[in-house]
Every structure is written in C-alpha cells, then in structure tokens.
Amino acid sequence: MSHSRYAPDKGLTRRIVVTMGGLGLVYMIIVVLLIALGLSAIWVLAIAGGLLWAQWYFSDSMALNAMRAKEVTAEQAPQLHGVVDRLCVLADMPKPKVCIADTDIPNAFATGRSPNRSAVCVTTGLLRRLDQKELEAVMAHELSHVAHRDVTVMTIASFAAIVAGLMIRTAMWGGMMRDRRDNNAALVFLAVVVVSALVYVISYLLTSALSRYRELAADRGGALLTGDPGALASALQKISGDIAQIPTKDLRSMDPVSSMSLIPAISKKGGFDMMSLFRSHPPLEKRLENLAKISSELGT
C-alpha cells in the first residue's frame, strides 16, 4: 500500500500473501510442465511477462480508451473535482486524473499502475443519480483502490493464469505438429493440456477470491476515510437497482472495465452457486453487511 492515510487493512495483506503463496506453487507446476512439454520456459514466461507488463504499464490509457472516457478540468466538472480534491487532502495522496465517460450506466472505476500514474472515472449516469455524500463515498472507494495499488496487485496475481493459457495453446499447437503415431508423445501432450487447464482454473479461483476481498477492503477504506458508511451503502443500492433496469446489451459496453468497476455491469443476484467463485465482486448483500459492521464500529 502507498503512504496515505487510508486505514491499513491487515485482512487484505493476509489474503495477498496467501494468494501469492498459492500462485507461487502454481508457478512451480508450470515450470515442470514446460520442461515435460519440451518447451523453453524462458520463451513462454517472457511472452506472458511482456503481455502483463504492457497491460500494467498502459492500464490507465487502455481502460479509459475502452470507455471513451475524457479527462475533465476543474472548470468542466467543479463538483467532481471538489470531491476528489477533499478526499486526496484527507488521504494525503496525489490527486489522480479525473475523467468522465458519457454513458447512462451508473458506475465508476479507478485505474493506473501507481498513485502517481492513476485515474478515477465516473459515468454521466452516476453523476445524475447520486447526491453529494453518495458521490464522495464512491470516490473514496475508488481512491482506496489507487492507494492500495490494486491494479499492480491484480496484474501480478493474473500472471499464472495467462501463462497457463499460453501453455494450453502451445501444447495444442505442438501436439498437432507431432507424429500422431508416437503414443508416448500423445500421452505427454494430453497430460500437459489437462494439468494446464487445472492450473488455469486454480489461478483464476485464487485471483477472483482476492478481487472480491479487494472490493470489500476498498469499501472499508473509503467508509473509514469519510466516516459515513451509510452513504456508500445508499450509493451501492441505488446503482445496483438502476443497473438492473438497463438492458443487458447496453451493459456490455462496460465489459472492458467490469472487473475494476464499483459494481460489475452484469451480476447475478441470489444465493451461492459455483460460478460465484469466479466473480470479481462480492454480492451486494455481503457488501452492505460489511458496511453495516463498519457503521456499528464507528457508532453511526
């Protein structure tokens, strides 16, 4: 976490350590598989590393371009800049770029590789729906992501899944190039594909679990900074309720930034199901319960 006044989150730190430890074991399996496949580990890892470096380094511009968001000045959006200015002073952190995406879908996201190279973005739909306190609560949540360097953390965490995906493609290509009469080679090829697929799933499960807690940590960090958990709870309910009324085909425009958005553009309500293990955000009920506990702690 960067040096700011956002409350440190020991739970988030523990989960990052556990996730990275689990992914470390996955990396070891990947290296063994590469050797078994007869591929150059350096070659595959270099490609995956290059892709992730580009994703991390250009994360802000890629996300903003995907949403066709524009950076706005204090003259163009005085209320939004005023909110960000106050929160950055409270948190003692650099002010990120402030951007607006012209879409009626109410949402917000933060992106960027570091607090000094970051951006927060809100949609015009969000600005139309939230009052001053709710907007401040949402921006405090997004700035918490910046302070915790969540883009960098999630980029590193996704490395194993990308390598495993490359391995599956490489193994399949290599298998097609081999002599099909070589039974031993065919068995090795099949084993590598199966284990690579398992590695991919395990990696995705680990990073999804970390992402869900990352959202809870940002909720907590933002609520403690403003001292008003109820405002964020109100904003989450208002946004999720309005998103539910928007046609799915329109919500697809938020897909490129859905994992980093305040609320995923398309989410399933209800109880537990297996697919919930792969979701980037916790259910709304869990977030509201988390905010209620914080409100109780603060005596509000």
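The values are calculated or read from the model by the stated rules, or taken from the named source; none is laboratory data. Nothing here was measured: the structure is a model prediction, and the numbers come from that model. As a convention, Cβ positions derive from the backbone with ideal geometry for all residues, glycine included, and neighbour counts pool all protein chains shown. Side chains are part of the model used for accessible areas, which takes the heavy atoms of the whole protein and leaves out ligands, DNA and RNA. Shrake-Rupley method; radii C 1.70, N 1.55, O 1.52, S 1.80 Å.
Out of curiosity, is Met67 open to solvent by 10 Å² or more (accessible area, probe 1.4 Å), in contact with a Phe, Trp or Tyr (Cβ under 9 Å, 6 or more places away or on another chain) and under 17 Å from Leu127 (Cβ atoms)? It is true that Met67 is open to solvent by 10 Å² or more (accessible area, probe 1.4 Å), in contact with a Phe, Trp or Tyr (Cβ under 9 Å, 6 or more places away or on another chain) and under 17 Å from Leu127 (Cβ atoms).
Here Ser61 meets each of (1) in a helix (DSSP H, G or I); (2) open to solvent by 20 Å² or more (accessible area, probe 1.4 Å); (3) within 22 Å of Ala137 (Cα to Cα) with one exception, condition (3). Scanning segment 105-124 for residues that are at pLDDT below 95 and hydroxyl-bearing (Ser, Thr, Tyr) yields Thr111, Ser114, Ser118. The criterion of at least 2 residues that are open to solvent by less than 20 Å² (accessible area, probe 1.4 Å) and at pLDDT 90 or above is met by the following helices (runs of 4 or more DSSP H) wholly inside segment 172-274: 183-226, 229-243. Residue pairs whose Cβ atoms lie under 7 Å apart, sitting 6 or more positions apart in sequence or on different chains, and linking a residue in segment 74-89 that is farther than 20 Å from Pro115 by Cβ to a partner that is surrounded by 14 or more Cβ atoms within 10 Å (Cβ to Cβ), are Ala77/Val98; Ala77/Ile100. Within segment 201-211, being within 15 Å of Thr155 (Cα to Cα) and of a type outside the set (S, T, N, Q) holds for Tyr204, Leu205, Leu206, Ala209, Leu210.
Taking each residue of segment 98-127 that is more than 13 Å from Ala63 (Cα to Cα) and looking for partners that are at pLDDT 95 or above and aromatic (Phe, Trp, Tyr) with beta-carbon atoms closer than 6 Å, six or more apart or interchain, yields nothing.
For segment 89-102, which residues satisfy the criterion of being over 20 Å from the mean Cα position of the chain (by Cα), of a type outside the set (Asp, Glu) and open to solvent by 30 Å² or more (accessible area, probe 1.4 Å)? Of everything in segment 89-102, those that are over 20 Å from the mean Cα position of the chain (by Cα), of a type outside the set (Asp, Glu) and open to solvent by 30 Å² or more (accessible area, probe 1.4 Å) turn out to be Val89, Leu90, Pro94, Lys95.
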